[in-house]
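So the structure is just underneath, and the comments pick up after that.
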């Protein structure tokens, strides 16, 4: 379990992290969301022991930072922002070096390296120098490095940045398939990632925690939660009649589609169907939305 | 300290995985030969010793050591690998020392490759090999002191050029603190004991003492303290630097 208790980090006059408290249990995949400069990366640097907090305490599976820093670092696999690596090393040399620092020797070391090379599909670039690799490969080398010791805690700062959709899919698959007793913390800008991966989302803005919820709970906070979008095949102008339905707060019309936002908890799906029947409108498309994360993101962080 | 050898091995390997090591060694050998034979007049002195060769070492190191040390930390800071390195289960001291030792051994290798000169003087005459051995040791120790200063300067910036210039300046000051030119700045307004202390910080004075063949414990200690002190400072600077 990871536990942050009233953690703050001050850089001169700037408070990057402000009284942040939360805990994460084994098995959770925590998404870390927030605008640029909100303190996501700083918080991750504090959890990995790279930065010491100005105040507050951090505990990782019973080890408190910074006192037991070395023991804590052994449990963590970390992909820093931008996946830095020594460009002059080969993928093979780099991964072996990391494995050795993680305490593996000889055959065991080679076995660990082989395993991550296989799961991240790095075989074809195994002998290549890291600085000659594409962005996607570099990112995967960074992930391989973080996974090499099968860590209990995995901290990934924008793990899919720079990957193409296929690679993103594979990396997400990989993270999802990690064994269930791990803690995974992911920071991301990509909101679809939250739905695809995370069991919980923490949103921070200006270093403060603004929301701690499951993706579904977040979606429910959206104005578009349970919004109904409808398109009619007949050429009509239904806007006025739709507006008159009870509980409709706003209608957005675009490309012949009408999106009806309603008061919380009152979906207007049935009402729309009824109205269409009464008026003899042919429905070409009708669906209900779960909510839009980008909308919630804006609402909470601005 | 059980992970120090792993870092040392990687660092030393990284010199030889790029042309850097070979370029450095070749130029080091060429320049040291030019100094010895052309400028120093190795043959003209008519003596079977390596005095002229070692006389130029402080000058050689003034430019060659900063060239090696500038990338020690500046490059890690620029590329962000410092974050990777220091979140691995190692102590900061292991990283600082591992990097330093690799660079120091690398300079030691370059120095070893000048030994054909030693063979040559033995062929030409009958030199005092004890003095030559002491000079080699003194030279290597001096390079270590330069390197430790360079390590600290390299940690202050993520720009290698700035690190290079800072290191040259610092090394220059520490070479000549014993000279009247510099001491006259302090004379008169600083207590004599402090001026003496500044004078005793001169790398050149201590190196010259060793290269005369006098292996005084105090000279050895001076270089070791310089190295330990500047490496300690390196660790402090990195600790500060990662926060910003």
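Identify the residue in region B:16-41 that is in contact (Cβ under 8 Å) with a residue 40 or more places away in the chain and under 13 Å from residue B:64 (Cβ atoms) and, among all such residues, is nearest to the other protein chains (Cβ to nearest Cβ).
B:21
Residue B:79 is checked against (1) free of Cβ contacts under 8 Å to residues at least 24 places away in the same chain; (2) more than 10 Å from chain A (Cβ to nearest Cβ); (3) crowded, with 16+ Cβ neighbours inside 10 Å and fails just one. What number does that condition carry?
For residue B:79, the exception is condition (2).
Without any contact (Cβ under 8 Å) to a residue 12 or more places away in the chain, surrounded by fewer than 16 Cβ atoms within 10 Å (Cβ to Cβ) and either over 21 Å from the mean Cα position of the chain (by Cα) or more than 21 Å from residue A:194 (Cβ to Cβ) (or both): is that true of residue A:284 in this structure? Break it down into steps so the answer makes sense when it comes.
On the way: without any contact (Cβ under 8 Å) to a residue 12 or more places away in the chain: no; surrounded by fewer than 16 Cβ atoms within 10 Å (Cβ to Cβ): yes; either over 21 Å from the mean Cα position of the chain (by Cα) or more than 21 Å from residue A:194 (Cβ to Cβ) (or both): yes.
Taking the combined requirement at face value, the residue does not satisfy it.
Yes/no matrix, rows are residues, columns are (1) part of a helix (DSSP H, G or I); (2) within 30 Å of residue B:243 (Cα to Cα); (3) out of contact with any helix residue (DSSP H, G or I) (no Cβ under 7 Å at 6 or more places or on another chain):
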residue	(1), (2), (3)
B:139	yes, no, no
B:142	yes, no, no
B:149	yes, yes, no
B:188	no, no, yes
B:209	yes, no, no
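Among the residues of region A:75-87, are any in contact (Cβ under 8 Å) with a residue 40 or more places away in the chain, farther than 17 Å from residue A:155 by Cβ and not in a strand (DSSP E or B)?
Within region A:75-87, one or more residues are in contact (Cβ under 8 Å) with a residue 40 or more places away in the chain, farther than 17 Å from residue A:155 by Cβ and not in a strand (DSSP E or B).
Within region B:6-44, work out how many residues are loosely packed, with under 15 Cβ neighbours inside 10 Å and either touching a helix residue (DSSP H, G or I) at 6+ places or on another chain (Cβ under 6 Å) or farther than 19 Å from residue B:119 by Cβ (or both).
Residues in region B:6-44 being loosely packed, with under 15 Cβ neighbours inside 10 Å and either touching a helix residue (DSSP H, G or I) at 6+ places or on another chain (Cβ under 6 Å) or farther than 19 Å from residue B:119 by Cβ (or both): 13 in total.
Which condition number does residue B:232 fail, the rest of (1) closer than 20 Å to residue B:63 by Cα; (2) assigned to a helix (DSSP H, G or I) being met?
Of (1) closer than 20 Å to residue B:63 by Cα; (2) assigned to a helix (DSSP H, G or I), only one is false for residue B:232: (1).
If you go through region B:82-111, how many residues are within 14 Å of chain A (Cβ to nearest Cβ) and in a helix (DSSP H, G or I)? Give the derivation first.
Of region B:82-111, the ones within 14 Å of chain A (Cβ to nearest Cβ) are B:82-95, B:98-99, B:102.
Keeping just the survivors that are in a helix (DSSP H, G or I) gives B:82-87, B:92-95, B:98-99, B:102.
Going through region B:82-111 one residue at a time, the tally reaches 13.
Which number in (1) within 14 Å of chain A (Cβ to nearest Cβ); (2) within 30 Å of residue B:178 (Cα to Cα); (3) crowded, with 21+ Cβ neighbours inside 10 Å marks the one condition that residue B:71 misses?
Unmet condition: (3).
Going by what's in this entry, would residue B:91 be described as under 25 Å from the mean Cα position of the chain (by Cα) and surrounded by 21 or more Cβ atoms within 10 Å (Cβ to Cβ)? Give the steps one after another, and end with the answer.
Numbers: under 25 Å from the mean Cα position of the chain (by Cα): yes; surrounded by 21 or more Cβ atoms within 10 Å (Cβ to Cβ): no.
No; evaluated as a whole, the condition is false for this residue.
Quick check on region B:112-129. Is at least one of its residues assigned to a helix (DSSP H, G or I), surrounded by 21 or more Cβ atoms within 10 Å (Cβ to Cβ) and in contact (Cβ under 8 Å) with a residue 40 or more places away in the chain? First the steps, then the outcome.
Start the filter on region B:112-129 by keeping residues that are assigned to a helix (DSSP H, G or I), which leaves B:112, B:115-124, B:129.
This time we only want the ones that are surrounded by 21 or more Cβ atoms within 10 Å (Cβ to Cβ), so: none.
No, region B:112-129 has no match at all.
Table: residues versus (1) outside any helix (DSSP H, G or I); (2) farther than 30 Å from residue B:122 by Cα.
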| site | (1), (2) |
| --- | --- |
| B:5 | no, yes |
| B:25 | no, no |
| B:28 | no, no |
| B:34 | no, no |
| B:38 | no, no |
| B:41 | yes, no |
| B:53 | no, no |
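Is one or more of the residues making up region A:86-106 away from every other protein chain (no Cβ under 14 Å) and at pLDDT 90 or above?
Looking through region A:86-106, none of the residues is away from every other protein chain (no Cβ under 14 Å) and at pLDDT 90 or above.
Could you identify the single residue in A:127, A:118, A:158 that is more than 9 Å from chain B (Cβ to nearest Cβ) and over 30 Å from residue A:24 (Cα atoms)? Steps first, please.
On the way: A:118 fails: over 30 Å from residue A:24 (Cα atoms); A:158 fails: over 30 Å from residue A:24 (Cα atoms).
Going through A:127, A:118, A:158 in turn, the sole match is A:127.
Please verify whether region A:90-98 includes one or more residues that are touching a helix residue (DSSP H, G or I) at 6+ places or on another chain (Cβ under 8 Å) and without any contact (Cβ under 8 Å) to a residue 12 or more places away in the chain. Step through it out loud before you land on a result.
Kept after step one, since they are touching a helix residue (DSSP H, G or I) at 6+ places or on another chain (Cβ under 8 Å), are these residues of region A:90-98: A:90-98.
Checking the rest, the ones that are also without any contact (Cβ under 8 Å) to a residue 12 or more places away in the chain come to A:93, A:97.
For region A:90-98, residues touching a helix residue (DSSP H, G or I) at 6+ places or on another chain (Cβ under 8 Å) and without any contact (Cβ under 8 Å) to a residue 12 or more places away in the chain: present.
Could you please let me know if residue A:3 is surrounded by 16 or more Cβ atoms within 10 Å (Cβ to Cβ) and at the interface with chain B (Cβ under 9 Å from one of its Cβ atoms)? Full working, then the answer.
Working: surrounded by 16 or more Cβ atoms within 10 Å (Cβ to Cβ): yes; at the interface with chain B (Cβ under 9 Å from one of its Cβ atoms): no.
Criteria not met by residue A:3.
So how many residues does region B:39-79 have that are modelled with pLDDT of 90 or more and closer than 14 Å to residue B:138 by Cβ?
Residues that pass the stated criteria total 1.
Quick one: count up the residues across region A:168-195 that are in a loop (DSSP other than H, G, I, E, B) and under 21 Å from residue A:75 (Cα atoms).
Residues of region A:168-195 in a loop (DSSP other than H, G, I, E, B): A:178-182, A:188-190.
After this cut, where a residue has to be under 21 Å from residue A:75 (Cα atoms) as well, the list is A:178-182.
Adding up the residues that qualify gives 5.
Go through A:222, A:246, A:211, A:233 for me and flag whichever is touching a helix residue (DSSP H, G or I) at 6+ places or on another chain (Cβ under 9 Å) and loosely packed, with under 14 Cβ neighbours inside 10 Å. Outline the logic, then answer.
Numbers: A:222 fails: loosely packed, with under 14 Cβ neighbours inside 10 Å; A:211 fails: loosely packed, with under 14 Cβ neighbours inside 10 Å; A:233 fails: touching a helix residue (DSSP H, G or I) at 6+ places or on another chain (Cβ under 9 Å).
That would be A:246, the only listed residue that is touching a helix residue (DSSP H, G or I) at 6+ places or on another chain (Cβ under 9 Å) and loosely packed, with under 14 Cβ neighbours inside 10 Å.
In region B:170-184, what residues are part of a helix (DSSP H, G or I), surrounded by 13 or more Cβ atoms within 10 Å (Cβ to Cβ) and without any contact (Cβ under 8 Å) to a residue 60 or more places away in the chain?
B:170, B:173, B:174, B:176, B:182, B:183
Return yes when residue A:83 is within 12 Å of chain B (Cβ to nearest Cβ), surrounded by 15 or more Cβ atoms within 10 Å (Cβ to Cβ), within 17 Å of residue A:45 (Cα to Cα) and out of contact with any strand residue (DSSP E or B) (no Cβ under 7 Å at 6 or more places or on another chain) and no when it is not. Can you show your working first?
On the way: within 12 Å of chain B (Cβ to nearest Cβ): yes; surrounded by 15 or more Cβ atoms within 10 Å (Cβ to Cβ): yes; within 17 Å of residue A:45 (Cα to Cα): yes; out of contact with any strand residue (DSSP E or B) (no Cβ under 7 Å at 6 or more places or on another chain): yes.
Taking the combined requirement at face value, the residue satisfies it.
The values are calculated or read from the model by the stated rules, or taken from the named source; none is laboratory data. Note that the structure is predicted; figures quoted are calculated from it, not measured. Note that we place each Cβ from the backbone using ideal geometry, even for glycine, and neighbour counts take in every protein chain shown.
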